[in-house]
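Have a look at the structure below, then the notes.
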Amino acid sequence: MAEDAARRKSATQFSSENQPGNDGPAKFAGPSSALGDARGQAAAMIPGGASHTTLEKIGYLEDIANNPAQPETLRAEAAAGLERIEAGDPVHPIYQAIREADTTERERREAELHARAEAAVAHAKSIKKGKRTPPRPLPLVTDDGQPVRYPVRAFVQTWGELADWWAHYDADTLASELTDEQFENFLATTDGTVRFADALRAAREGTADRPRLRAL
């Protein structure tokens with residue numbers, strides 16, 4: 001058809017080889033009376049064939065059936081539809097059903113992707129909102145090497161976190177899994193804690209006695 005169109009176009013152009021006024025009719029037939037869409041002309045050339053719109057619908061079904069990116073169920077439905085068409089069923093109802101299923105599936109995938117994107121953004125915002133700068137660790141010693149005196153608030157927070165800590169451990173498990181160094185560090189800490197507890201108890205008892213002495 002393209003070659004025929006090129007010949008018809010060449011036959012109508014004025015040139016040294018084509019002088020309609022002197023040579024008479026053109027060597028090729030005049031322009032074809034077949035006008036319109038090339039798809040319609042191609043479909044019309046098939047004896048007893050379907051219209052070009054019907055062929056496009058069949059081509060759409062073939063694309064769905066052969067596209068691995070499509071869901072397997074939709075591909076199977078399209079393949080079954082093509083078999084029914086081969087058996088003589090009308091094309092349009094099958095085409096319409098597959099197209100609606102394709103549209104529904106595409107909208108479902110788009111909605112799912114949109115929901116995932118929104119969830120990801122919300123999660124990122126929640127992490128960013130909840131992220132806080134951790135407090136700076138308290139210094140251990142002063143510039144002259146003496147232990148730093150922490151405020152009472154730090155003492156309350158430390159021992160508040162250690163409330164009933166022993167209830168969460170098993171002595172036999174710790175005895176078998178702690179290294180010697182870890183065990184010795186624990187004993188040193190507990191011994192120092194006991195000594196400090198005795199000093200704190202004595203200090204509180206002495207503070208409690210002072211009002212009574214003044215009263216006496």
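Taken together, the values in this text are just the output of simple stated rules run on the coordinates, not laboratory data. Treat the numbers as computed from the prediction; the structure is a model and nothing was measured. With ideal geometry, Cβ positions are generated from the backbone for all residues, glycine too; neighbour counts draw on all protein chains shown.
Give a residue-ordered list of calculated ³J(HN,Hα) values for region 86-92 (Karplus: 6.51 cos²θ - 1.76 cosθ + 1.60, θ = phi - 60°; whole Hz; x for Gly, Pro).
4, 7, x, 5, x, 6, 4
At a Förster distance of 45 Å, what's the computed FRET efficiency of Glu177 paired with Val121, Cβ-Cβ distance as r, to 0.05?
On the way: r = 44 Å, r/R0 = 0.98.
The value I calculate is 0.55.
Return the sequence-ordered ³J(HN,Hα) values of region 99-114 in whole Hz as given by the Karplus equation 6.51 cos²θ - 1.76 cosθ + 1.60 applied to θ = phi - 60°, using x for Gly and Pro.
5, 5, 5, 5, 5, 4, 5, 5, 5, 5, 5, 5, 5, 5, 5, 5
Residue-wise, which Karplus ³J(HN,Hα) couplings in Hz belong to region 151-162, taking 6.51 cos²θ - 1.76 cosθ + 1.60, θ = phi - 60°, and x for glycine or proline?
Result, rounded to whole Hz: x, 4, 4, 5, 5, 5, 5, 4, 7, x, 6, 9.
Under a crude label model (7 Å from the Cα following the beta-carbon direction), how far is Asn66 from Ala101 in nanometres?
Label at Asn66, label at Ala101, 1.9 nm between them.
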